[in-house]
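Engineer: Let me begin by handing over the structure; questions about it come next.
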Amino acid sequence: MKRLVLAPLCLILALATAMLPAGCARLPPLDARTPSRAFTDTADTSLGRAIAPMVEAHPGKSGIVALTDDLDAFAVRVLLAQAAERSLDVQYYIWQQDLSGTLLLEALHRAADRGVRVRLLLDDNNTRGLDKLLAALDAHPNIEVRLFNPFLHRRWRALGYLSDFARLNRRMHNKSFTADGQVTIIGSSNIGDEYFGAGDFLFADLDVLAIGPVAADVAQDFDRYWNSPSSYPAALILDPAEAAALAELGAGANLIARDPAAAEYMRQLATSRLVQELLSGRLQFEWAVTRMLSDDPAKGLGQATEDMLLPSRLSEVLGTPQKELLLVSPYFVPTAAGVAALADLARRGVAVSVFTNALEATDVAVVHAGYAKRRKALLEAGIRLYEMKREIASPRIRDRGLTGSSASSLHAKTCAVDRQRVFIGSFNFDPRSARLNTEMGFIIDSPRLAEAMAEAFASAIPELAYEVRLAPDGKLVWIERQDGEEKVLAREPGTRFWQRLAVRLIGWLPIEWLL
């Protein structure tokens with residue numbers, strides 16, 4: 001995840017905003033915006049007919065497939081874009097103009113050329129450099145693009161914070177991809193090479209493919225955001241489209257396809273096991289009661305009440321852990337209240353384990369500072385901490401012929417309670433996700449998925465991560481496990497003195513609410 005801006009800059013801009021007159025720039029009125037809704041009559045599409053027998057055989061349940069392979073996660077999105085006959089509803093926080101981003105935009109463009117209605121809703125924080133292309137896509141008769149909490153200053157976006165910090169500091173972090181209202185993908189992945197194993201830096205993500213009742217829930221939730229006061233038609237914000245822009249998209253996709261590295265990536269896509277099983281009808285779904293949770297989009301304007309926020313509903317539906325809580329979050333900022341809550345669970349005999357990024361692996365060191373200052377208190381409470389290594393053995397990536405690098409960063413957001421229920425979605429366990437950004441996810445009543453997560457904490461995670469412990473003298477040490485042996489590290493691995501000092505100094509700043 002790319003954070004809004006560095007937290008110290010946010011603090012400066014927040015103070016500057018307080019000294020400026022309100023209303024320096026005004027968003028255009030939405031009076032002429034045309035509302036639209038997800039199609040509900042899609043049972044006769046190819047996707048609808050394919051999944052109907054399975055859904056009917058499992059009343060009240062949704063079919064879930066965990067997308068743990070980054071290649072599969074991209075391939076199935078392309079497949080859904082190709083298979084859609086009526087609609088594609090697509091909502092993302094980040095969309096990169098790189099190999100995977102260009103190919104997927106072209107897949108949406110081709111679907112629209114076939115007559116598919118495409119609605120693309122993007123958070124505007126990360127659309128820099130895409131204005132011409134988005135305007136061209138929006139000009140297509142079957143594509144409509146909307147921007148969530150848009151910036152009026154397109155070139156010098158930082159100027160927007162000076163006049164409208166309170167709004168622009170709130171972002172839409174939701175991620176969903178829904179075809180014909182029948183099949184949906186949600187999770188932690190944005191759209192870009194680092195999320196789909198096509199670059200030299202890899203995010204370890206977790207998405208889920210879903211069919212059944214929860215797919216309809218996602219389609220309805222998309223409508224809430226699409227028609228919310230924060231979603232602006234691209235035509236109201238962007239300059240008029242240039243006629244050649246869409247042709248350039250197709251040409252760019254063809255150019256990418258001829259690149260040797262991209263050709264190898266595309267070859268691997270064609271042989272994706274998950275896609276082959278899906279096409280042949282052999283894909284095995286986990287059938288479980290699944291509930292979609294999301295923030296009310298009013299949160300994007302600071303107008304959502306406590307009961308409308310995802311965290312309150314998340315704790316209500318997940319319930320209070322009785323035996324075990326397993327938490328995975330790349331940007332884990334527990335705050336003093338969070339530490340107290342987790343410590344209370346531990347005192348009552350609940351085994352609590354947390355997997356997050358090490359300082360060497362995180363892409364947002366400022367956020368790591370909010371976690372680092374709480375480590376000792378967490379360990380003293382009996383909570384186990386694992387921190388993802390930056391360099392991990394990744395022969396699967398190297399075998400693709402894309403890159404020899406195995407640099408990686410945890411990006412999945414999930415938790416499991418008592419080996420009965422799991423949450424998978426976009427929500428980071430930090431103040432920004434709780435109070436500022438909008439989020440979404442699934443709660444899945446699946447002992448099998450929860451047990452698989454417990455097995456990962458028991459076997460895979462200790463090899464991928466350093467375990468942080470307290471030494472007898474009260475200082476932190478990092479345990480590195482390799483080939484059955486343990487090495488004790490007295491300093492934060494993979495870091496330099498100035499990095500550790502910077503994290504400590506940032507931890508003293510009163511900016512935790514921004515992290």
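Engineer: Can you give me the long-range amide H partners of residue 430? Hydrogens built in the peptide plane at 1.01 Å from N, cutoff under 5 Å, separation of 5 or more residues or another chain.
Structural biologist: So residue 430 has HN proximity to 333.
Engineer: Rounded, prolate or oblate for the stretch 225-282? Axes are the square roots of the Cα gyration tensor eigenvalues, ordered a ≥ b ≥ c, and the cut-off for rounded is a/c under 1.5.
Structural biologist: Details: a/c = 3.92, a/b = 1.50, b/c = 2.62.
Because a/c hits 1.5 or more and a/b fails to exceed b/c, the stretch 225-282 counts as oblate.
Engineer: In addition: Add +1 for every Lys or Arg and -1 for every Asp or Glu among the other residues with Cβ under 11 Å from the Cβ of residue 312, and state the total. The partial results should precede the final answer.
Structural biologist: On the way: positive: 313; negative: 295, 306, 307, 316.
Its environment carries a net charge of -3.
Engineer: I would also like to ask the following. Any idea what Rg and Dmax come out to for the stretch 178-330 if you just take the C-alpha atoms, in Å?
Structural biologist: Every Cα atom of the stretch 178-330 included, Rg and Dmax give 19.9, 60 Å.
Engineer: Collect residues whose amide H, placed 1.01 Å from N in the peptide plane, falls under 5 Å from the amide H of residue 212; neighbours closer than 5 in sequence don't count.
Structural biologist: Hits under the 5 Å cutoff: 63.
Engineer: Mind listing the phi-derived Karplus ³J(HN,Hα) values for the stretch 74-81, rounded to whole Hz, using 6.51, -1.76 and 1.60 with θ = phi - 60°, and x for any glycine or proline?
Structural biologist: These are the phi-based 3J(HN,Hα) values: 6, 4, 6, 5, 4, 4, 5, 4 Hz.
Engineer: Return the sequence-ordered ³J(HN,Hα) values of the stretch 435-451 in whole Hz as given by the Karplus equation 6.51 cos²θ - 1.76 cosθ + 1.60 applied to θ = phi - 60°, using x for Gly and Pro.
Structural biologist: 10, 10, 8, 7, 9, 8, x, 10, 9, 10, 7, 9, x, 5, 5, 5, 5
Engineer: Please list, or write none, the lysines whose alpha carbon is within less than 26 Å of the alpha carbon of residue 299, excluding same-chain residues fewer than 8 places away.
Structural biologist: By straight Cα distance, residue 299 reaches 2, 175, 413.
Engineer: So, one more: Determine the order of 411, 140 by accessible area, beginning with the largest, at a probe radius of 1.4 Å. Don't skip to the end; give the middle numbers.
Structural biologist: Details: 411 0, 140 25 Å².
My answer, sorted largest first, is 140, 411.
Engineer: While we're here: How much of residue 475 can a 1.4 Å solvent probe reach, expressed as accessible area in Å² and rounded to 10?
Structural biologist: 140 Å²
Engineer: Taking a 1.4 Å probe, which of 478, 508, 513, 498 shows the most accessible area, and what order do the others take after it?
Structural biologist: Details: 478 10, 508 185, 513 120, 498 155 Å².
From most exposed to least exposed: 508, 498, 513, 478.
Engineer: Please list 344, 41 from largest to smallest accessible area, probe radius 1.4 Å, with all protein chains kept in place. Walk me through the intermediate numbers first.
Structural biologist: Numbers: 344 60, 41 90 Å².
From most exposed to least exposed: 41, 344.
Engineer: Let me ask another. Rounded to the nearest 10 Å², what accessible area does residue 195 show when all protein chains are kept and the probe is 1.4 Å?
Structural biologist: Probe radius 1.4 Å; accessible area of residue 195 about 0 Å².
Engineer: What is the set of long-range amide H partners of residue 410 at a cut-off below 5 Å, with H atoms built 1.01 Å from backbone N?
Structural biologist: Correct list: 204.
Engineer: Continuing with the same structure: Kirkwood Rh, Cα Rg: Rg to Rh for the chain? Could you put the intermediate results ahead of the total?
Structural biologist: Values: Rg = 22.6 Å, Rh = 23.7 Å.
Rg divided by Rh gives 0.95.
Engineer: In what sequence, highest mean first, do 482-490, 314-322 appear when ranked by Cβ atoms within 10 angstrom?
Structural biologist: Numbers: 482-490: 9.1, 314-322: 14.9.
The densest-packed peptide leads the list: 314-322, 482-490.
Engineer: For the ranges 243-255, 217-229, what's the packing order if you count other beta-carbon atoms within 10 Å of each residue, average per peptide, and put the highest first?
Structural biologist: Details: 243-255: 14.5, 217-229: 19.5.
My ranking of the peptides, most packed first, is 217-229, 243-255.
Engineer: Please work out whether the stretch 281-370 counts as rounded, prolate or oblate from its C-alpha gyration tensor, where a ≥ b ≥ c are the square roots of the eigenvalues and a/c under 1.5 means rounded, while otherwise a/b larger than b/c means prolate and anything else oblate?
Structural biologist: Working: a/c = 1.24, a/b = 1.11, b/c = 1.12.
Rounded, because the longest to shortest axis ratio a/c is under 1.5.
Engineer: Between the stretch 486-509 and the stretch 310-332, what is the C-alpha centre distance in whole Å?
Structural biologist: That distance is 28 Å.
Engineer: Got a sec to turn the phi values of the stretch 232-245 into Karplus ³J(HN,Hα) couplings, 6.51 cos²θ - 1.76 cosθ + 1.60 with θ = phi - 60°, whole Hz, x for Gly and Pro?
Structural biologist: 10, x, 4, 5, 7, 10, 9, 5, x, 5, 8, 4, 7, 5
The values are calculated or read from the model by the stated rules, or taken from the named source; none is laboratory data. Here the structure is a predicted model, which is why all the values come from computation and not from measurement. Cβ: placed from backbone, ideal geometry, glycine included. Neighbour counts: every protein chain shown. Surface accessibility is based on the protein's heavy atoms, side chains included, excluding ligands, DNA and RNA. Shrake-Rupley method; radii C 1.70, N 1.55, O 1.52, S 1.80 Å.
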